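Following: one structure in structure tokens, then a few remarks.
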Amino acid sequence: MTTAPPVAPLVVPLKIGILSRQPEIYSTRRLMEAAVARGHEARVVNHLLCYVNITSRKPSVHLKGEELIGLDAVIPRIGASVTFYGTAIVRQFEMGGVYSVNESVAISRSRDKLRSLQLLARAGVGLPVSGFAHSTSATDDLIDLVGGAPLIVKLLEGTQGTGVVLAETRKAAQSTIEAFRSLKTRFLVQEFIKEAGGADIRCFVIGNRVVAAMKRQGKPGEFRSNLHKGGTATPEKITPAERATAVKAVKTMGLNVAGVDLLRSNHGPVVMEVNSSPGLEGIEKATGKDLAGEIIAFIEKNAKPHRTKTRGTG
């Protein structure tokens, strides 16, 4: 006797807004495809073209003369350069009772590199030793705090590997720090994890699970592993400690969907960044997993009106 396969539970069709400026890019297209494939109605909403009516009676979001009503959930794909405006639009949707996969406060928290490191440190998450100072008189002490050269100098506003400098000697570190200060930029100084060998691990977290992981390896002689800088990606089996670190980092930020970049150091996994709008292309192609579908499935289980609440602290 043949046993019939279990019948999948019926899912109520949802109206999902994907907040993205670029409908043609891979991540946006995949989310659209996954939503439609699972029976939902989806549309791309350019958050920079949205405007809001801030009122206590009926807060609303508008686009090209249309009030955006009826959405059950939004998926924020907010670029780092427009975090302030993008999170304002997400917050307005939240005020109207729309479920957001990642909440506005959590996105803002994760985008502030200094704030996120402080919150992760308070939670006991493994981190590279990092230093931050304002006064030029603290330069030498700052270098010593992170273990001396070689070290990393990183702009707080940098993304995707830009604004990150490897200073291989103490003199180079002093010169780089002085140059960044002269430009009145804000930056961190971090220990250089030499044993990582120019590779990092990207863990893709949805809810409380790491659903995919890949190893990104930089080009020979390149300490940054970013794929758009010529790095390569392969699927990676991660350790229980790495899995626990990634999940704890995401929960500390208060996010539901995030990419966590880890380095394998001599003192265990350390978090370099928690990305609230992780790209799908590299990791889906490297692992063969349908992460866009997993995100939509998460929305199906969790999207309820007025469910937004700030999680985490800080």
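The values are calculated or read from the model by the stated rules, or taken from the named source; none is laboratory data. Model, not experiment: these values are computed from the prediction. Neighbour counts run over all protein chains shown; Cβ positions are idealised from the backbone, glycine included.
Numerical summary
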read-out: Any chance Leu127 is in a loop (DSSP other than H, G, I, E, B) and either free of Cβ contacts under 8 Å to residues at least 40 places away in the same chain or within 27 Å of Ser81 (Cα to Cα) (or both); value: yes
read-out: Among (1) of a type in the set (Ser, Thr, Tyr); (2) at pLDDT below 95; (3) in a helix (DSSP H, G or I) - the single one Thr245 does not satisfy; value: (2)
read-out: Pairs with Cβ under 7 Å, 6+ apart, first in the stretch 278-300 and outside any loop (DSSP other than H, G, I, E, B), second among the aromatic types (Phe, Trp, Tyr); value: Glu281/Tyr26; Ile283/Phe204; Leu291/Phe204
read-out: Given (1) in contact with an Asp or Glu (Cβ under 7 Å, 6 or more places away or on another chain); (2) within 18 Å of Met32 (Cβ to Cβ), index of the condition Asp72 fails; value: (1)
read-out: Meets criteria (surrounded by 20 or more Cβ atoms within 10 Å (Cβ to Cβ), at pLDDT 95 or above and not hydroxyl-bearing (Ser, Thr, Tyr)) for Ile25; value: no
read-out: Exclusive hit being assigned by TED's automatic domain parsing to the domain that holds Leu49, within 17 Å of Val257 (Cα to Cα) and surrounded by 20 or more Cβ atoms within 10 Å (Cβ to Cβ), set Ile89, Ile78; value: Ile78
read-out: Counted residues, the stretch 159-187 - those being modelled with pLDDT under 90, within 29 Å of Glu281 (Cα to Cα) and either in contact with a Ser or Thr (Cβ under 9 Å, 6 or more places away or on another chain) or of a type in the set (D, E, K, R) (or both); value: 3
read-out: Pair list, Cβ under 6 Å, 6 or more apart: the stretch 234-254 residue assigned by TED's automatic domain parsing to the domain that holds Ile201 and touching a residue at least 12 places away in the same chain (Cβ under 8 Å), other residue surrounded by 21 or more Cβ atoms within 10 Å (Cβ to Cβ) and in a loop (DSSP other than H, G, I, E, B); value: Lys248/Val125; Ala249/Val125
